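Reviewing the structure listed below.
The values are calculated or read from the model by the stated rules, or taken from the named source; none is laboratory data. It should be emphasised that the depicted structure is a prediction, and the values quoted were computed from it without experimental measurement. For neighbour counting, all protein chains shown are included, and Cβ atoms are generated from backbone atoms with ideal geometry for every residue, glycine included. We work out accessible area using only protein heavy atoms, side chains counted, and drop any ligands, DNA or RNA first. Shrake-Rupley method; radii C 1.70, N 1.55, O 1.52, S 1.80 Å.
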Amino acid sequence: MSDAVRIGILGDFNADFRSHHATNDALQHAAHKLKTEVKSEWLATPSLTGADAEKKLESYDGLWAAPGSPYKSFDGMLKGIEFARRRDWPFLGTCGGFQYAFIEFARNVLHIADADSAENNSGSKNIIIYPVACAVPDRKDNAPKLSGLVSGIRLRPGSYLETYYGKNKQTVTEELFCNFEINPEFEWTTMEAGFPVVARGPEGEIRAIESPTHRFYVATLFQPQLSSTDKNPHPLVLAFVQAAADWGKKKLDDSVLE
């Protein structure tokens with residue numbers, strides 16, 4: 001049996017999206033650093049609504065909810081994220097994956113049935129993802145309101161996220177590329193559902209959440225894959241791949257014992 005770490009990428013691959021290529025590349029950067037093999041596969045969101053979806057998701061060691069909203073299947077993306085949360089599979093969500101992680105736990109943990117993103121124009125009364133309030137200055141023409149490198153992102157002391165970045169990392173600089181963010185009126189949902197805020201922007205905006213009770217569950221509005229290189233793999237992606245490798249080994253050991 002292969003010792004490769006298997007990563008399922010929840011999303012609809014688009015060859016025109018820089019972030020999608022960067023997602024693939026960042027996983028390989030981590031693989032080289034960890035001296036392991038990583039095999040990744042994009043899981044189109046419509047495929048995640050099928051009767052066999054859960055069995056398919058079980059075959060992966062970690063799941064990454066990728067950028068690219070609105071997705072081809074809103075329900076498919078939510079089901080993939082819900083599987084990771086409910087079954088405690090190593091999970092990383094970035095950009096749109098971060099936004100949909102909020103929608104998933106708002107709907108399925110807090111039972112806000114119509115929790116949604118303004119991007120979907122659903123007419124919901126509970127829009128927990130809404131348009132970016134303060135655009136980044138000096139961004140490129142036609143670029144999203146939040147785009148480019150943003151400095152001064154504050155990490156929560158004592159969080160898992162802080163430990164992934166390493167000692168003495170109180171603030172970090174990360175790249176964002178999005179038009180939507182968390183509606184601050186719904187910030188209460190993070191603690192209520194068990195996903196505390198672990199990174200904030202310069203004005204206190206929510207930029208990352210994690211679960212202290214899951215094997216690995218981190219979601220960020222910023223995209224760590226965009227700043228990952230082969231010489232300097234992103235520490236968050238490294239931590240995710242390591243968690244997936246550990247989980248894959250445990251699954252294999254448990255199956256041998258059965």
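Considering the range 42-66, and only residues there that are touching a strand residue (DSSP E or B) at 6+ places or on another chain (Cβ under 6 Å) and not aromatic (F, W, Y), the residue that is farthest from N179 (Cα to Cα) turns out to be D61. At least 2 residues being under 21 Å from I206 (Cα atoms), under 18 Å from the mean Cα position of the chain (by Cα) and of a type in the set (A, V, I, L, M, F, W, C) is the threshold, and among the helices (runs of 4 or more DSSP H) wholly inside the range 1-112 those reaching it are 74-87, 96-108.
Pairs are defined by a Cβ separation below 9 Å, a sequence spacing of at least 6 or placement on different chains, a first member in the range 151-176 that is more than 20 Å from Y217 (Cα to Cα) and open to solvent by 90 Å² or more (accessible area, probe 1.4 Å), and a second member that is outside any helix (DSSP H, G or I) and not charged (D, E, K, R); the pairs so defined are Q170/L155; Q170/P157. For the range 83-91, indicate whether the set of residues that are under 28 Å from A193 (Cα atoms) and open to solvent by 70 Å² or more (accessible area, probe 1.4 Å) is non-empty. Yes, the range 83-91 has at least one match.
Among the residues of the range 92-112, is any in contact with a strand residue (DSSP E or B) (Cβ under 7 Å, 6 or more places away or on another chain), open to solvent by 20 Å² or more (accessible area, probe 1.4 Å) and more than 27 Å from R6 (Cβ to Cβ)? Walk me through it before giving the result.
Looking only at the range 92-112, we keep the residues that are in contact with a strand residue (DSSP E or B) (Cβ under 7 Å, 6 or more places away or on another chain), and these are 92-95, 97-103, 106.
When the remaining residues are screened for being open to solvent by 20 Å² or more (accessible area, probe 1.4 Å), the result is none.
Among the residues of the range 92-112, not one is in contact with a strand residue (DSSP E or B) (Cβ under 7 Å, 6 or more places away or on another chain), open to solvent by 20 Å² or more (accessible area, probe 1.4 Å) and more than 27 Å from R6 (Cβ to Cβ), which makes the answer no.
Among the candidates E187, E181, single out the residue that is in contact with a Lys or Arg (Cβ under 9 Å, 6 or more places away or on another chain), modelled with pLDDT under 95 and closer than 21 Å to S69 by Cβ. It is E181.
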